[in-house]
1. Need one number: nm distance between label points at VAL42 and GLU59, each 7 Å from Cα along Cα→Cβ, rounded to one decimal.
2. Which whole-number percent of Cα pairs in region 114-159 have a distance greater than 11 Å?
3. At a 10 angstrom cut-off on C-beta neighbours, averaged per residue, how do the peptides 147-155, 99-107 rank from highest to lowest?
4. In nanometres, what is the gap between the two model label sites at VAL114 and LEU93, each 7 Å from Cα along Cα-to-Cβ?
5. Please arrange VAL112, VAL79, VAL70 by how many other C-beta atoms lie within 10 Å of their C-beta, fewest to most.
6. Roughly speaking, what is the centre-to-centre gap between region 49-99 and region 101-171 when only Cα atoms are used, to the nearest Å?
7. Quickly rank 50-63, 83-96 as a protection proxy: mean count of other C-beta atoms within 10 Å, highest first.
8. List the lysines whose alpha-carbon lies under 27 Å from that of LYS76, not counting same-chain residues fewer than 8 positions away?
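Throughout, read-outs are computed from the coordinates displayed, never taken from laboratory work. Not measured: the values here are computed from a predicted model. Here the Cβ positions follow ideal geometry from the backbone for every residue, glycine too, while neighbour counts run over all protein chains shown.
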Amino acid sequence: MFAPNTAPIPRLGRAMATLLAGALALSAVMMAPMKVSAADLVVKYDQSQLLRLPRAVSEIIIGNPTIADVTVQSSKLLVITGKSFGITNIIALDAERNVIRDQRVLVQRDEVKVINLQKGTKRQSYNCSPQCNPSITVGDDQAYFAQNAKDSERKIKLSESQAGSGGGGAR
């Protein structure tokens with residue numbers, strides 16, 4: 001008589017299905033866009049936004065300076081720059097240490113002209129406006145990121161040396 005197969009393979013299949021379902025649920029949560037309220041300041045990655053204040057600022061506190069940076073442009077004007085993806089806050093205090101503004105800041109990717117090339121687990125980012133050129137973005141493949149950062153640094157140094165020598169401009 002033939003007995004039904006109760007070997008570990010069906011159990012393994014159920015375990016894999018459960019693991020896969022969990023992984024899909026986790027990826028859906030990770031891919032979900034950040035909840036944005038009307039009061040949030042949305043700053044694009046590697047871009048800046050102005051934040052105007054009603055009175056002079058004396059001190060600035062940044063919740064997570066790896067996500068956003070602040071530069072004081074004038075006593076009532078701040079420049080917020082998105083450094084990495086995520087959510088943080090910025091607190092501006094006056095001379096008496098009263099809160100002028102406690103602002104939540106969301107740093108998001110500008111998806112308008114960005115293309116991601118995914119090769120397995122390795123991602124490469126390109127800015128396509130109008131031609132596609134390599135772009136270094138947090139989360140890109142390490143070798144791709146390092147090579148593009150090195151190339152950018154070389155280009156900047158070349159431009160600076162040309163500007164310092166007075167060459168390179170059209171006449």
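1. 3.3
2. Values: 676 of 1035 pairs.
When all Cα pairs of region 114-159 are counted, 65 percent exceed 11 Å.
3. Details: 147-155: 12.0, 99-107: 18.2.
The most tightly packed comes first, giving 99-107, 147-155.
4. Here the answer is 3.4 nm between the modelled labels.
5. Numbers: VAL112 9, VAL79 13, VAL70 20.
Ascending Cβ contact count within 10 Å gives the list VAL112, VAL79, VAL70.
6. Using only Cα atoms, the two centres lie 25 Å from each other.
7. Details: 50-63: 14.1, 83-96: 16.6.
So the order, starting with the most tightly packed, is 83-96, 50-63.
8. LYS44
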